[in-house]
Structures are given as structure tokens and as C-alpha cells.
Amino acid sequence: MHKSVESPAFSASIEDYALIGDQQSAALVARDGSIDWLCLPRFDSPACFAALLGDEHNGKWRIAPKGAGPCTRRAYRTDSLVLDSEWDTPRARCASPT
């Protein structure tokens with residue numbers, strides 16, 4: 001009989017993702033700034049980041065302050081898919097439009 005060993009999830013829960021896009025393609029961004037799903041250059045293109053569906057071999061890209069965890073605030077700009085994210089760190093408040 002095999003004993004199951006669970007490994008930590010490589011991707012976030014679906015409710016922790018935000019959608020960003022440019023009417024040609026779109027990406028799912030986790031609260032920690034990680035892009036876990038992205039198809040380029042169009043929606044129907046193969047995924048270049050697919051951590052949402054797999055493990056470390058499926059790829060992701062993260063932009064966030066060094067050592068930061070999940071962002072403390074994020075919101076879409078009015079009438080757009082531009083996502084403003086903020087992290088409070090011990091040294092500063094960092095903001096990143098994605």
C-alpha cells in the first residue's frame with residue numbers, strides 16, 4: 001500500500017486571482033504578484049505560464065518586493081483591466097500597476 005504524501009500547492013486558490021488583459025490576451029495574477037496563467041500573443045495561443053494547472057515545471061513569473069508575501073491592497077482602475085497592487089513592507093509601501 002502506498003502512503004500519499006501531499007506537497008504544498010504551487011498555485012493559489014482560484015478566488016485569489018485577478019484577471020488582467022489587453023483585449024488580445026489575458027493573465028491571471030495571484031495575490032503575491034505571480035502570473036500563474038498567460039497565453040501569448042492571443043487568448044487561443046498555448047500557455048507560456050501555466051502554474052495554475054501544474055507544478056514548478058509549468059512556469060510562473062512574479063513581480064513583487066523582495067521577501068514580500070501577498071499584497072495588502074489591490075483594485076482595478078476604473079473601467080479597465082489594469083490592476084493596482086500594493087505591498088506594505090518593513091521599509092516602505094510598494095505599488096505596482098499590472
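The values are calculated or read from the model by the stated rules, or taken from the named source; none is laboratory data. This is a predicted model, so every value here is computed, not measured. Positions of Cβ are backbone-derived with ideal geometry, glycine not excepted, and every protein chain shown enters the neighbour counts.
Mind listing just one residue for me: the one in segment 76-98 that is among the polar types (S, T, N, Q) and within 11 Å of Val29 (Cβ to Cβ) and, of those, modelled with the lowest pLDDT? Even if it seems obvious, please write down each step before you answer.
Residues of segment 76-98 among the polar types (S, T, N, Q): 78, 80, 85, 89, 96, 98.
Remaining after also requiring within 11 Å of Val29 (Cβ to Cβ): 85, 96, 98.
Numbers: Ser85: 91, Ser96: 68, Thr98: 59.
Per the stated criteria, the residue is Thr98.
Select from segment 51-60 the residues that are touching a Phe, Trp or Tyr at 6+ places or on another chain (Cβ under 6 Å) and surrounded by 13 or more Cβ atoms within 10 Å (Cβ to Cβ) and write down the one among them that is nearest to Leu19 (Cα to Cα).
Restricting to residues being touching a Phe, Trp or Tyr at 6+ places or on another chain (Cβ under 6 Å) and surrounded by 13 or more Cβ atoms within 10 Å (Cβ to Cβ), the top hit is Leu52.
Inside segment 48-98, can you point out the residues that are at positive phi and of a type outside the set (Gly, Ala, Ser)?
Asp79
In segment 81-98, how many are out of contact with any Cys (no Cβ under 7 Å at 6 or more places or on another chain) and either surrounded by 12 or more Cβ atoms within 10 Å (Cβ to Cβ) or not in a loop (DSSP other than H, G, I, E, B) (or both)? Step through it out loud before you land on a result.
Initial filter on segment 81-98 (out of contact with any Cys (no Cβ under 7 Å at 6 or more places or on another chain)): 81-84, 88-98.
Those still in the list that are either surrounded by 12 or more Cβ atoms within 10 Å (Cβ to Cβ) or not in a loop (DSSP other than H, G, I, E, B) (or both) too: 81-84, 88-89, 93-98.
The number of residues fulfilling the criteria is 12.
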